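The values are calculated or read from the model by the stated rules, or taken from the named source; none is laboratory data. This one's a predicted model, so the numbers in the text were calculated from it and none came from an experiment. Cβ placement follows ideal geometry from the backbone for every residue including glycine, while neighbour counts extend to all protein chains displayed.
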Amino acid sequence: MVDDEAVGTFIARRVVVGALVVVFVSALTFFFVNLAPGGPASIMRIDVTSEQRDTLIRQMGLDRPVLQRYGEWLGGAVRGDLGTSLLTDEPVARRIGDRLPNTLLLAGTALLLSLLVGIPVGIMQALRRNGPLDHVLSVVSAVGLAIPVFWLGIVLILVFAVTLRVLPSAGVVTVGNGSPGDRLAHLVLPAFALATTILPTVVRFMRSALLEVLDAEYLRTATAKGLAHRIVVTRHALKNALIPVVSAVGALVPRLLGGTVVTEAVFGWPGMGRLALEAATGRDYTLVTGITVVTAAIAVATSILVDLIYTRLDPRVRLA
Amino acid sequence: MNRLTVVSIAVLITIALFVVVGPLLWTIPPEATDPAHALAGAGAAHPLGTDELGRDVLSRLAHGGQVTLLVGVAAMLAALVLGVVIGGFAGFYGGWADSLLMRFTDAMLAVPSFFLILVVITVIGSGPLPLILVIGGLSWMPVARVVYGETLRWKQAEFVLAARSLGTAPLRILARHILPQTIPSLVVSATLGVAYAILTESAVSYLGLGVQPPTPSWGNMLQRAQQYVFTAPVLAIYPGLAITVLVLAFNFLGDGLRDRFDPRARTGRA
């Protein structure tokens with residue numbers, strides 16, 4: 001077992017590095033938005049006079065140096081103030097806060113789904129290496145990696161909502177019906193579509209990790225000393241094979257979060273991804289900056305969580 | 001070469017012919033509207049039917065494929081250049097360059113790049129050129145990692161030592177002796193990179209932030225198709241199928257090339 005003090009130091013370091021990554025992303029976004037041609041100063045609608053324009057620029061503080069404005073923005077962000085949305089004049093933090101639970105529900109369900117399906121399928125494939133089932137499932141994974149999420153979403157709507165009429169095609173709940181069953185029905189298609197962004201990769205990782213472990217010497221020893229095959233696989237092989245899979249999940253979370261934008265657009269899911277789309281379409285700089293920083297923070301926090309699980313799973317992990 | 005790789009190459013050649021030669025043979029302009037025959041089914045005049053404005057779907061598929069492939073390949077090339085420069089410098093010079101560039105790479109990999117794509121498009125606007133720059137500018141990280149690893153490996157090689165002892169300039173060693181060794185891995189990265197770029201282009205164009213109508217792309221054709229999914233579902237089928245087949249072919253080709261180039265995979269098979 002790794003001693004708790006070492007784990008504590010390791011996690012503290014990861015948190016510091018993670019915070020630096022989020023700050024880095026916020027700086028990258030903020031400076032890009034403010035320095036690139038076409039930045040805030042040029043977005044003012046064409047119908048304003050040049051005097052109105054100057055007033056707006058002064059009101060928004062755009063006449064002050066970028067570095068100073070970034071400092072103020074960062075100071076506010078640390079306290080939970082991400083500025084004001086240009087489109088609605090509401091605080092960015094509140095607009096994100098309104099949508100965040102929906103996105104977390106969708107992305108969390110999709111993540112859970114891809115692990116609950118991906119890990120068993122990968123195990124099954126590894127145990128029947130090169131058999132017909134392995135080949136068929138490999139092709140399914142390859143197709144899953146190639147299908148655009150939004151197109152899969154449209155096809156799912158076409159099949160389950162238009163043709164079979166068994167599941168709703170859009171939204172979080174039916175108006176006037178907020179029962180848990182209704183909510184679940186609305187979650188099925190978008191969660192499945194979003195899960196396909198990472199599911200094939202989980203399957204591939206699980207399959208190759210288990211294959212690698214199954215070829216290891218210590219498994220031959222376990223088999224040689226007379227352990228039943230089932231026990232060799234479950235007790236020895238799986239435990240070791242799961243480790244690389246867990247660490248891969250951390251790296252897949254950014255892809256999953258990116259997928260929420262298209263998924264929420266296809267299924268009319270009122271989450272942060274669709275808010276980002278509205279912000280980009282409406283050229284709402286403060287909002288799109290805020291959303292980018294919040295998603296970066298979520299991705300970083302998840303990967304720290306994954307690392308924590310990782311150290312628990314694998315006592316050999318060197319906490320450097 | 002395995003059968004899947006051969007089939008992938010055949011599919012890619014077919015698609016390339018369809019988008020390059022197709023428009024020369026099938027001369028209905030992709031922007032020509034014909035409201036009287038909107039949402040028509042398949043027929044002699046329009047083999048794949050027409051869309052909501054009466055535009056010929058076959059023609060739009062061929063021209064849209066051109067745009068999609070062009071953006072995909074160009075974005076991949078941009079990513080390749082960035083990745084080679086960043087990974088090569090970090091691996092070759094080590095020390096500060098290594099720490100700085102590779103931590104930068106890690107940070108870029110740790111955050112959802114799709115949101116950064118939205119940020120860039122919010123600022124610089126949409127269209128094929130911004131798409132190429134933004135997709136290339138946000139997908140070079142895997143290339144950088146590959147080149148970094150290879151550069152670390154090859155800079156210890158004896159022929160590099162020999163070049164060094166002959167007094168060859170460091171940059172020349174990197175460019176002429178080390179980077180050529182990474183070409184096999186780069187070919188694999190490039191193939192998989194095109195697949196990623198095509199998927200990203202189609203997603204961004206589907207959202208209405210990429211290639212703008214009336215110019216067709218396989219992604220933006222799907223944007224309107226969703227509205228007609230109840231009345232003309234077939235409109236949503238063709239472009240999506242085309243993207244899937246194209247991406248699948250690039251992915252299979254990339255996997256096949258990796259098996260061929262990766263010495264570990266080769267010994268595993270022998």
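Odds and ends about this structure:
- Top-ranked residue in the range B:173-189 [being among the hydroxyl-bearing types (Ser, Thr, Tyr) and farther than 15 Å from B:Gly72 by Cβ; ranked as nearest to the other protein chains (Cβ to nearest Cβ)]: B:Ser185
- Helices (runs of 4 or more DSSP H) wholly inside the range B:102-157 that include at least 2 residues being small (Gly, Ala, Ser): B:128-137, B:141-154
- B:Ile173 vs. criteria under 16 Å from B:Val84 (Cβ atoms) and over 20 Å from the mean Cα position of the chain (by Cα): yes
- The one condition in (1) part of a helix (DSSP H, G or I); (2) surrounded by 15 or more Cβ atoms within 10 Å (Cβ to Cβ) that B:His46 fails to fulfil: (1)
- Meets criteria (within 11 Å of the chain's Cα centre (by Cα), within 21 Å of A:Phe192 (Cα to Cα), of a type in the set (D, E, K, R) and not in a loop (DSSP other than H, G, I, E, B)) for A:Arg255: yes
- In the range A:4-27 there is at least one residue matching the filter, namely being in a helix (DSSP H, G or I), over 30 Å from A:Arg312 (Cα atoms) and modelled with pLDDT of 75 or more.
- Screening A:Arg129 on (1) in contact (Cβ under 8 Å) with a residue 12 or more places away in the chain; (2) outside any loop (DSSP other than H, G, I, E, B); (3) not hydrophobic (A, V, I, L, M, F, W, C) shows it passes everything except condition (2).
- Some residue of the range B:210-223 being buried (at least 18 other Cβ atoms within 10 Å of the Cβ), aliphatic (A, V, I, L, M) and in contact with a Ser or Thr (Cβ under 8 Å, 6 or more places away or on another chain): yes
Yes/no matrix, rows are residues, columns are (1) closer than 16 Å to B:Thr50 by Cα; (2) assigned to a helix (DSSP H, G or I); (3) in contact with an Asp or Glu (Cβ under 6 Å, 6 or more places away or on another chain); (4) within 7 Å of another protein chain (Cβ to nearest Cβ):
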position: B:Thr191; (1), (2), (3), (4): no, yes, no, no
position: B:Leu199; (1), (2), (3), (4): no, yes, no, yes
position: B:Ser205; (1), (2), (3), (4): no, yes, no, no
position: B:Val211; (1), (2), (3), (4): no, no, no, no
position: B:Thr215; (1), (2), (3), (4): yes, no, no, no
position: B:Asn220; (1), (2), (3), (4): yes, yes, no, no
position: B:Gln223; (1), (2), (3), (4): yes, yes, no, no
position: B:Gln226; (1), (2), (3), (4): yes, yes, no, yes
position: B:Phe230; (1), (2), (3), (4): yes, no, no, yes
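- Count - residues of the range A:179-227 that are over 24 Å from the mean Cα position of the chain (by Cα) and outside any loop (DSSP other than H, G, I, E, B): 16
- From the list B:Leu109, B:Leu131, the lone residue that is modelled with pLDDT under 95 and buried (at least 22 other Cβ atoms within 10 Å of the Cβ) is B:Leu131.
- Which numbered condition B:Arg55 fails, given (1) over 25 Å from A:Ser26 (Cβ atoms); (2) among the charged types (D, E, K, R); (3) within 14 Å of chain A (Cβ to nearest Cβ): (3)
- Taking the range A:60-92 as the range and being part of a loop (DSSP other than H, G, I, E, B) and more than 23 Å from A:Leu275 (Cα to Cα) as the test, the residues that pass are A:Gly61, A:Leu62, A:Asp63, A:Arg64, A:Pro65.
- Any hit, the range B:152-166, residues being touching a helix residue (DSSP H, G or I) at 6+ places or on another chain (Cβ under 7 Å), under 20 Å from B:Met76 (Cβ atoms), surrounded by fewer than 22 Cβ atoms within 10 Å (Cβ to Cβ) and not charged (D, E, K, R): no
- Number of positions in the range B:29-42 that are in contact with a His (Cβ under 8 Å, 6 or more places away or on another chain) and in a loop (DSSP other than H, G, I, E, B): 2
- Residues located in the range A:266-285, provided they are at pLDDT 90 or above and surrounded by fewer than 24 Cβ atoms within 10 Å (Cβ to Cβ): A:Gly268, A:Pro270, A:Arg274, A:Leu277, A:Glu278
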